[in-house]
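Have a look at the structure below before the remarks.
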Amino acid sequence: MNRSRRGNILVNIDWITVAIYLILVFLGWINIYSATYNESHVSIFDISQKYGKQLIWIGAAIIIAIFTLIIDSKFYSSFAYVLYAVGILLLLSVLFFGIEVNASKSWFQIGNFRIQPVEFTKITVCLALARLLSDENFSFNKLSDIIRTAIIFALPIILIFLQNDTGSALMFFSFIFVLFRQGMNKVIFITSFALVVFFILALVIDLEILLIISLVLNIIGFTILNKHSNQKQIVFYTSLALAIASYILHKYTNIFVDKTLTLVLINTAAIALLMLVLFIIKKNKTILLFLTTIIGITIFVLSVDFVFNNVLQPHQQNRINDLLGISSDPLGAGYNVNQSKIAIGSGGLTGKGFLKGTQTKYNFVPEQSTDFIFCTIGEEWGFLGSSLVLFLFCFLILRLIFLAERQRSVFSRIYGYGVVSILFFHVAINIGMTIGLAPVIGIPLPFFSYGGSSLWAFTILLFIFIKLDSDRLQIFR
C-alpha cells in the first residue's frame, strides 16, 4: 500500500495549481530581468546580476518544492507546533544576531546571502493555527482556546514589531479570515473591521467628532436592539439632557472653553455610568454589550495617536499621511508611489514593450525589482499585461479556495485557507501600494519580487498544501 501511495503522488497532484505557480515564477523572473537590465550584462543567466541570482533561487525553489511533496503529509500536522517553535526561535535570534536592512533588523547574513526568517514564520504560524483549530475539542466558545489562538498570533507579531518590520507584522492579521471561516463569532469579525475603520477615521477627523459619532451610533443601536421600552427612554432622555447641558456649558460659560474633548469624554463617561447602573439593576446583556462597546471604542480612539506616533516608523507615518491626504509630499514620503503611478500610467493599454520602460530603466522608481516590481509590469505590459497578471493571481486564489473546500481533513482545509489569506494579503497590499490605494509597508509580490527568502517561503507554503491535497482521500489529522 505504501508503494501504491508513492506511485500515486504525481497522479494526485493538482497540476493546474503547479502550472499557475510555474507561470507566475517565470513571469516574475522575466520582469526582474527587465527591471534591473544592465546593457553590459545582457545575458539573463548572468549570476553576477539580480536576474541571474533569481534564476538560482528559482532552481533551488523547484528542488524545495519536490522535497516538500516527498515528505509524508502527516509530518506537517504532527510537527506543526515544533515548527512553530523553531519559527519563534528564529525571530528571537535575529534580534540578537541579525543585520539591519532599511532600518529593519530582520535578516541573517550567511556569506553573500541574506535570509529573512519572518517569511518562513508565516508558514509555521499557518501550520500551528491549522493544528490548533482542527483539534476536536477546540471551540471559539471556550476562553482558553481563544487565548491559545491569540498567543499563536501575538508572539510573532511582537517579535516582528521589535525588528521594526511593521509591514510583515500586519500580514498576520490576515488570518482573521481563517478564523471567520472556522466559525469565529461574526461580531468579532465585524468589530475587527470597525476598529480598522475607526483607526483611519481617527487620523482624518477630530477625535471629538469621532467620539460623538460613536456615542450617537451606540445610543441608536441600543434603542433599536433593546426590547425594554423603559430602558430605551432612560438612555435616550438622559443622553438628550447631557447634550443640551454640554451645549449650554460650552456656549454660555467659561467652563471647558477650548477643551471640547474633555466635555465629550465627560458625556461619554456619564452615558457609560448610566448603562452600568442599568446593568446592575436589570442584568440585561444588551446593556452590558453597549457599555463595553462605548468604553472600548473610546479607549481605542484615544490610543490611536499613541500608536501612530510611537509604534509606526516616521517614514510609515509620512506615507500614511500622504495616502490619506493629510499631507502631500510628492518629493519625499510620496515619491515612491508618485513615480510608481507615473510608470504604470505611462504603459497605457498595451505597454511600451519589453525592456522599453523609461521610468524603470532610468531608476525613477525605487525598489523596482522588489516591492515595486508591479511598476515594470504596468509600464512595459500596459493595462492588458497587468490584467493578465491579476487574472493569474485571482485564478490561483480561487483555485486554492476550491481545493480547500474539497478537503476531508479539517487540518488541510484550515491550512488551505491560511495559504489563501497570506497570498491575498500580499497581492492586494503590494499592488494597492503601487497604485496609491494602500500605504507603502514593504511587502513582496508573491513569485515576482526579487529575493530567495520570499520565493522559497511562498513555494513551501503553496506546495505543502498541494501535498496535503494530493493525500485528501486518506483522512488524517
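Table for the structure above
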quantity	calculated
Of all residues in the stretch 13-70 being aliphatic (A, V, I, L, M) and farther than 25 Å from PHE120 by Cα, the one that is modelled with the lowest pLDDT	VAL42
Condition check for ILE435: open to solvent by 10 Å² or more (accessible area, probe 1.4 Å) and in contact with a helix residue (DSSP H, G or I) (Cβ under 7 Å, 6 or more places away or on another chain)	yes
Search result, residues across the stretch 150-167 that are open to solvent by 10 Å² or more (accessible area, probe 1.4 Å) and either among the aliphatic types (A, V, I, L, M) or assigned to a helix (DSSP H, G or I) (or both)	ALA150, ILE151, ILE152, PHE153, ALA154, LEU155, ILE157, ILE158, LEU159, PHE161, LEU162
All helices (runs of 4 or more DSSP H) inside the stretch 23-137 with 1 or more residues being closer than 23 Å to GLN368 by Cβ and touching a helix residue (DSSP H, G or I) at 6+ places or on another chain (Cβ under 7 Å)	50-70, 117-133
Some residue of the stretch 41-58 being touching a Ser or Thr at 6+ places or on another chain (Cβ under 8 Å), under 27 Å from ILE441 (Cβ atoms), open to solvent by less than 10 Å² (accessible area, probe 1.4 Å) and not polar (S, T, N, Q)	yes
Residues located in the stretch 405-420, provided they are open to solvent by less than 10 Å² (accessible area, probe 1.4 Å) and without any contact (Cβ under 8 Å) to a residue 60 or more places away in the chain	GLY416
Which numbered condition ASP145 fails, given (1) of a type in the set (Asp, Glu); (2) more than 19 Å from TYR84 (Cα to Cα); (3) out of contact with any strand residue (DSSP E or B) (no Cβ under 7 Å at 6 or more places or on another chain); (4) surrounded by 16 or more Cβ atoms within 10 Å (Cβ to Cβ)	(2)
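Here is a yes/no grid of residues against (1) surrounded by fewer than 23 Cβ atoms within 10 Å (Cβ to Cβ); (2) under 28 Å from GLY351 (Cα atoms):
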| site | (1), (2) |
| --- | --- |
| LEU384 | yes, yes |
| PHE395 | yes, yes |
| LEU398 | yes, yes |
| PHE402 | yes, no |
| ILE422 | no, no |
| ALA428 | yes, yes |
| VAL440 | no, yes |
| SER449 | no, yes |
| LEU462 | no, no |
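The values are calculated or read from the model by the stated rules, or taken from the named source; none is laboratory data. Computed from a predicted model, the values in this text were never measured in an experiment. Note: ideal-geometry Cβ built from the backbone for every residue, glycine included; neighbour counts use all protein chains shown. Just so you know, the surface numbers come from the protein's heavy atoms only, side chains and all, with ligands and any DNA or RNA stripped out. Shrake-Rupley method; radii C 1.70, N 1.55, O 1.52, S 1.80 Å.
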